[in-house]
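What follows is one structure encoded as structure tokens, with my remarks underneath.
The values are calculated or read from the model by the stated rules, or taken from the named source; none is laboratory data. Quantities reported herein were computed from a predicted structural model and do not represent experimental measurements. Here Cβ is always computed from backbone atoms with ideal geometry, including for glycine, and neighbour counts include all displayed protein chains.
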Protein chains: 2
Amino acid sequence: MADLNLMRELATTGDTKIVLLVMDGLGGIPREPGGPTELEFAKTPNLDKLARESMIGLSIPIAHGIAPGSGPGHLALFGYDPVKFLIGRGVLESVGIGLQLTPDDVAARGNFCTVDENLVITDRRAGRIPTEKCVELVKLLKPIKLPGVEVIVEAVQDYRFALVFRGKGLSDRLGETDPQKTGLEPLPVKALDPAAQPTADLANEWVAKAREILKNERPANMVTLRGWAQEPGLPKFSEIYKLRSAAIAVYPMYKGLASLAGMTLVQGLHSLDEQIAALKANWADYDFFFFHYKYTDSRGEDGNFDAKASEIEKVDAAIPRILELKPDVLIVTGDHSTPAVWKAHSWHPVPTLLHAPGLTRRNDVTGFGETECLKGALGQFPATDLMPLALSYAKRMNKFGA
Amino acid sequence: MADLNLMRELATTGDTKIVLLVMDGLGGIPREPGGPTELEFAKTPNLDKLARESMIGLSIPIAHGIAPGSGPGHLALFGYDPVKFLIGRGVLESVGIGLQLTPDDVAARGNFCTVDENLVITDRRAGRIPTEKCVELVKLLKPIKLPGVEVIVEAVQDYRFALVFRGKGLSDRLGETDPQKTGLEPLPVKALDPAAQPTADLANEWVAKAREILKNERPANMVTLRGWAQEPGLPKFSEIYKLRSAAIAVYPMYKGLASLAGMTLVQGLHSLDEQIAALKANWADYDFFFFHYKYTDSRGEDGNFDAKASEIEKVDAAIPRILELKPDVLIVTGDHSTPAVWKAHSWHPVPTLLHAPGLTRRNDVTGFGETECLKGALGQFPATDLMPLALSYAKRMNKFGA
């Protein structure tokens with residue numbers, strides 16, 4: 001586990017460049033016993049060559065046997081203890097649509113629902129209204145004002161929206177209002193400890209005003225609120241690692257996670273080509289680049305072994321364009337495994353490659369793949385160790401002690 | 001380290017089956033430099049085939065360089081932090097003879113001793129009386145009653161017995177009465193903190209009554225009490241792992257350890273054949289089977305390399321009968337190493353095999369042995385990680401975080 005106090009003490013500034021290339025859900029398992037994994041099946045001449053000239057190994061995102069969500073998986077890559085720094089659902093929903101939260105924020109995940117004349121819930125998801133309808137209803141709710149706090153409400157998808165209160169002294173120790181089944185009234189927001197009572201009062205006031213606005217709408221005439229959470233208060237990259245850091249990601253969720261770590265978000269990216277172009281365009285201005293590729297995970301979740309391998313090949317083809325920039329350290333890894341056979345995030349360790357010309361040891365491997373990684377110089381290690389390794393190989397760390 | 005709170009949160013119920021096959025003291029070292037270990041010397045065609053189709057590695061019971069007792073070794077396999085959850089000698093002695101303890105119990109290890117007319121100890125072990133005599137004397141002590149608590153006293157072996165007080169509000173913060181050398185009187189039971197005074201008073205009352213009963217016996221005419229301990233309060237398998245668990249063990253010590261973890265004990269087993277039959281007979285009723293084989297450790301402690309290898313071969317021959325049941329996960333490991341060369345428990349990492357058809361990665365190994373395990377996909381890992389791995393490979397774990 002990276003010790004953030006130690007990092008804060010030892011990390012130094014410098015003019016070296018680090019690229020953390022995350023292929024989401026990279027790790028896999030064989031389709032048939034004894035066969036190759038997706039990464040081993042894919043034709044990856046560039047990564048294979050790099051593996052022979054670098055150090056490879058397997059990173060363990062959380063712990064043996066624990067399959068991580070995207071939040072904990074990325075926190076570990078960024079060097080934060082993913083069990084200590086929890087990202088609640090309200091925050092994840094908010095950062096997932098690109099909201100940048102502050103430590104003063106309390107966020108909830110909202111659902112539009114349908115209630116009858118007695119305020120009894122008849123449909124917890126309001127007939128799964130389309131996103132367009134959600135956007136329209138959220139527009140009606142935006143004018144709601146509360147005393148002493150800023151209120152942010154944004155549509156997410158279908159019947160879901162994000163609600164953020166921004167102000168001093170707020171608490172996320174609040175109960176959920178969704179009774180979890182139809183035939184019951186929404187619950188009031190309860191304070192789970194006395195200090196949360198003022199926030200609970202604000203939340204109840206907001207719900208009452210929302211109900212007043214929605215009461216003649218059909219089918220979405222009420223809201224429920226869940227997953228209250230505060231911004232996790234991660235110490236920022238600039239502070240702990242002395243890095244000017246940028247996130248080169250397409251999906252809002254990963255931009256949101258990067259923003260929690262204090263990274264600058266490069267906006268308006270839609271493709272791998274645009275990401276590579278953005279990396280070049282921003283090369284001079286940052287020390288650290290979090291480069292996220294989503295579709296390896298998507299095809300793994302689909303259970304499509306060949307398509308996942310093909311996504312890996314697309315990233316492999318982009319490797320020479322990244323190397324052209326001559327990063328001092330290039331790490332290629334994933335935030336977790338998403339084996340196509342398993343169709344979900346899994347607990348399997350993640351193939352990881354660390355390229356740092358002139359400073360790495362030799363490993364006798366033929367290429368980049370799960371089985372070869374067992375023989376690699378990095379061994380099997382906690383994903384939280386990657387940031388200290390990245391900084392040291394980038395000559396940005398002092399020694400510890402005299 | 002398995003985080004039990006995390007396990008409690010993530011483990012789910014399911015209809016999969018897990019077998020944890022523990023060959024006690026499995027790990028070994030070569031008889032001569034460069035030679036095979038006991039496991040490598042043994043002919044184990046079934047385990048070798050399984051290793052090629054599974055993942056192997058080396059588990060570290062406590063920490064590098066720490067040789068575990070049976071208690072900590074098994075606690076680690078069961079996923080409990082063996083340094084946090086201590087099993088005191090009194091408890092180990094009690095569970096070792098099959099007593100099932102409750103959180104209300106305080107247990108001590110008792111010795112019969114010999115005192116002269118001035119109550120000065122002349123023999124701390126009463127001439128090492130035979131177990132039959134011990135049983136006879138314990139019978140005399142059983143009628144002793146104390147106010148407000150149940151008293152359980154049972155013979156263990158030779159001059160040793162187990163004493164248990166069962167009642168509300170008892171404490172194990174008590175001093176030992178054995179002065180550790182002859183020529184001194186037995187000490188009174190002292191309370192090591194004020195809250196333990198009532199228990200100390202009860203203990204002294206029991207000793208006085210025992211002395212009264214024994215005073216005309218020879219040579220065992222007095223008792224000393226040591227190793228006061230309370231039941232360790234392990235969270236139970238059903239609660240943390242959502243497993244219906246059964247222990248298929250011959251020796252009382254291991255049944256006792258399993259009972260502390262909340263496993264159901266299959267009684268009346270005397271041989272490997274009976275154990276296999278019990279596994280089949282109970283297959284439908286449990287999710288998890290702790291299957292313990294003792295004699296690998298016994299022959300290691302004897303220093304008999306060939307005999308230990310032969311015990312390993314007996315277990316190897318039973319593997320096909322276990323596989324017939326089609327466990328979703330079969331783990332083969334030990335609670336520690338007991339190299340015949342060392343004639344005792346040792347600190348060497350323990351060969352471990354995890355079989356989970358369809359979900360494991362490939363490792364390029366030829367068979368099951370300490371040297372091949374170095375190349376295995378499991379790597380070297382804390383033994384406490386085995387339960388999270390077992391549950392994940394058995395599809396009984398949710399992912400962590402969104």
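Looking at B:231, B:239, B:274, can you tell me which residue is among the acidic types (Asp, Glu) and under 30 Å from residue B:210 (Cβ atoms)?
Working: B:239 fails: under 30 Å from residue B:210 (Cβ atoms); B:274 fails: under 30 Å from residue B:210 (Cβ atoms).
After applying the criteria, what remains is B:231.
Within the range A:230-241, is even one residue within 30 Å of residue A:314 (Cβ to Cβ), over 16 Å from the mean Cα position of the chain (by Cα) and not small (Gly, Ala, Ser)?
First pass over the range A:230-241, keeping only residues within 30 Å of residue A:314 (Cβ to Cβ): A:237, A:241.
Now restrict to residues that are over 16 Å from the mean Cα position of the chain (by Cα): A:241.
This time we only want the ones that are not small (Gly, Ala, Ser), so: A:241.
Yes: the range A:230-241 contains one or more residues that are within 30 Å of residue A:314 (Cβ to Cβ), over 16 Å from the mean Cα position of the chain (by Cα) and not small (Gly, Ala, Ser).
Which count do you get for residues in the range B:162-180 that are without any contact (Cβ under 8 Å) to a residue 60 or more places away in the chain and under 22 Å from residue B:221 (Cα atoms)?
Final tally of qualifying residues: 5.
For the range A:146-231, which strands (runs of 3 or more DSSP E) that fit wholly inside it have 1 or more residues that are at pLDDT 95 or above, in the same structural domain as residue A:113 (by TED's automatic domain parsing) and farther than 19 Å from residue A:96 by Cα? Working first, answer last.
Numbers: elements: A:150-157, A:160-166, A:222-230.
Result: A:150-157, A:222-230.
Against the definition (of a type in the set (Ser, Thr, Tyr) and surrounded by fewer than 23 Cβ atoms within 10 Å (Cβ to Cβ)), how does residue A:371 come out, yes or no?
Numbers: of a type in the set (Ser, Thr, Tyr): yes; surrounded by fewer than 23 Cβ atoms within 10 Å (Cβ to Cβ): yes.
Against the criterion (of a type in the set (Ser, Thr, Tyr) and surrounded by fewer than 23 Cβ atoms within 10 Å (Cβ to Cβ)), residue A:371 qualifies.
Taking the range A:314-364 on its own, how many of its residues are aliphatic (A, V, I, L, M), closer than 21 Å to residue A:253 by Cα, outside any strand (DSSP E or B) and within 14 Å of chain B (Cβ to nearest Cβ)?
Count: 1.
Determine if the range A:289-300 includes at least one residue that is part of a helix (DSSP H, G or I) and more than 19 Å from residue A:350 (Cα to Cα).
no
Failed condition for residue B:5, given (1) farther than 18 Å from residue B:371 by Cα; (2) more than 14 Å from chain A (Cβ to nearest Cβ); (3) not acidic (Asp, Glu), with all others met?
Going through (1) farther than 18 Å from residue B:371 by Cα; (2) more than 14 Å from chain A (Cβ to nearest Cβ); (3) not acidic (Asp, Glu) one by one, residue B:5 breaks only (2).
Tell me which residues, restricted to the range B:250-288, are within 20 Å of residue B:96 (Cβ to Cβ) and in a strand (DSSP E or B).
Correct list: B:264, B:265.
Could you list, in sequence order, the residues of the range A:379-402 that are surrounded by fewer than 23 Cβ atoms within 10 Å (Cβ to Cβ), under 19 Å from residue B:361 (Cβ atoms) and more than 11 Å from every other protein chain (Cβ to nearest Cβ)?
Within the range A:379-402, just A:382 meets the criteria.
Are there helices (runs of 4 or more DSSP H) fully within the range A:19-138 with at least 1 residues that are away from every other protein chain (no Cβ under 14 Å) and more than 28 Å from residue A:227 (Cβ to Cβ)? List them. Walk me through it before giving the result.
Numbers: elements: A:38-41, A:45-52, A:70-77, A:89-96.
Qualifying helices (runs of 4 or more DSSP H): A:45-52.
Kindly evaluate residue B:86 against the criterion of being touching a helix residue (DSSP H, G or I) at 6+ places or on another chain (Cβ under 9 Å), within 24 Å of residue B:175 (Cα to Cα) and of a type outside the set (Ser, Thr, Tyr).
Details: touching a helix residue (DSSP H, G or I) at 6+ places or on another chain (Cβ under 9 Å): yes; within 24 Å of residue B:175 (Cα to Cα): yes; of a type outside the set (Ser, Thr, Tyr): yes.
Against the criterion (touching a helix residue (DSSP H, G or I) at 6+ places or on another chain (Cβ under 9 Å), within 24 Å of residue B:175 (Cα to Cα) and of a type outside the set (Ser, Thr, Tyr)), residue B:86 qualifies.
To keep it simple, each residue is scored yes or no on (1) closer than 28 Å to residue B:231 by Cα; (2) free of Cβ contacts under 8 Å to residues at least 40 places away in the same chain; (3) surrounded by fewer than 18 Cβ atoms within 10 Å (Cβ to Cβ); (4) touching a strand residue (DSSP E or B) at 6+ places or on another chain (Cβ under 9 Å).
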residue	(1), (2), (3), (4)
B:260	yes, no, no, no
B:282	yes, yes, yes, yes
B:287	yes, no, no, yes
B:315	no, no, no, yes
B:328	no, no, no, yes
